[in-house]
1. Within a Cβ distance under 11 Å of Val320, other residues only, what is the Lys/Arg minus Asp/Glu net charge?
2. If we count every other residue with Cβ under 13 angstrom of Val146's Cβ, Lys/Arg +1 and Asp/Glu -1, where does the sum land?
3. In a shell of Cβ-Cβ distance under 13 Å around Val195, excluding Val195 itself, what net charge do Lys and Arg (+1) and Asp and Glu (-1) give?
4. Do any trypsin sites (Lys or Arg not before Pro) in segment 85-160 lie in a DSSP loop with no more than 16 other beta carbon atoms within 10 Å, and if so, which?
5. Indicate the gyration tensor shape class of segment 178-328 (rounded, prolate or oblate), computed on the Cα atoms with a ≥ b ≥ c the square roots of the eigenvalues: a/c under 1.5 is rounded; otherwise a/b larger than b/c is prolate and the rest oblate.
6. Extension gain Thr177-Arg301, at 0.36 nm per residue separation less the Cα-Cα distance, in nm?
7. Using 0.36 nm per residue of separation minus the Cα-Cα distance, give me the extension gain between Val263 and Thr117 in nm, one decimal.
8. On full extension of the chain, what length is gained from His253 through Thr147, given 0.36 nm per residue of separation minus the C-alpha to C-alpha distance?
Amino acid sequence: MIRTVTPPSAAALPARRSTYAAGTVAVVAAGIGLVASLLAPGFGLYAAESVALVCSLVAAGMALFTAVLGDPAPATGSWSRLATWLAVAGFAASLLSVLFDVVAVAGTGLGGLGDATARADVLRGGDYQSALARCAGLCIVAFGLVTRLSTQRRRGVLIGGGVLVCASFLLMGHVRTHHPAGVVAVLALTHVVAVAAWTGGLLGLSGLLRRRRADLLQQARLLTTFAGLMTGVIVMLLAGGLGLAVVYLQSWHALLWTSYGQVLLVKLALVAGVLVVSASNHRRVVPAAAGGDAAALAVLRTNIAVEQVVLFAVLIITEVLMRQSPVT
């Protein structure tokens, strides 16, 4: 019996090429980062934690987007593949961060991995618990993306996995130790979920706009729905972020003269810039784009790309903040 192989469609080829190119770049970057980390374990710890934070939150955001608005690229599968690979990268980086944490605690270089006392200290700490919870959430996200489930079950799995990934960051750093614990936990979870949803939402909107360029009616409905959802997400982002700033920093002096406050000011400046772009999108660009204005659509795609770059920088700064004490 002769088996025929169906060649990929013309629409799927660019997505596959971009996926393979991104994968190649990621592998090369990971190899360079691993070599540098082995030479400087302190750098390895921060690199692994940064990769874990970015990949995990983006994967969680993409899972939340898929649960609410669906897969923006079902024909090619590129969206699900990207989210799954990000989940895998976040999983691996989370485990690597635990290993580098042991090395940092031992203080004797890579040989510290054999230090039983250092391992015991790390395995009792919040960073290890956070990594375990994050890995569990990422496994749930990947399961929801690659397994054929009913729409309702898939939505529940993806939301549950995405929220668990976000909640895992509450188990580490000053979020875990600062009081009042209940207030800090609620504010932090609100803030992290909003960041993930915003990031995943922008990626998903980019995919949907590319997919539905010819369907103006669907595009108008999509933009209207997305604008409404993002308004709620931005309210969550501001409520959680400003609430945490008030809890952590008790005075203007702390905001201006502590290291934590100064890094927070940089983050606030970037977020303010993104909010200005987002507000411009919602008030002017989205209504015009929803009406079929080609120039407005081009501006919207550019603005979304700018927001994605700035949010990536915000995630990196967030990793720095999570490792700093609010009182220093």
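1. Numbers: positive: Lys267, Arg323; negative: Glu49, Glu319.
With Lys, Arg at +1 and Asp, Glu at -1, the net is 0.
2. On the way: positive: Arg81, Arg148, Arg154; negative: Asp71.
Every neighbour counted, the sum reads +2.
3. Around Val195, the surrounding residues sum to -1.
4. Qualifying residues, ordered by number: Arg124, Arg148.
5. Values: a/c = 2.86, a/b = 2.35, b/c = 1.22.
Cα axes put segment 178-328 in the prolate bin.
6. Contour length minus Cα-Cα distance gives 40.6 nm.
7. Extra length from Val263 to Thr117 when fully extended: 49.2 nm.
8. 33.0 nm
Read-outs: derived from the displayed coordinates by stated rules, not from any lab. Predicted model, so just to flag it, every value in this text is computed and none were measured. Don't worry about glycine lacking a Cβ; one is built from the backbone with ideal geometry, like all the others, and counts go over all protein chains shown.
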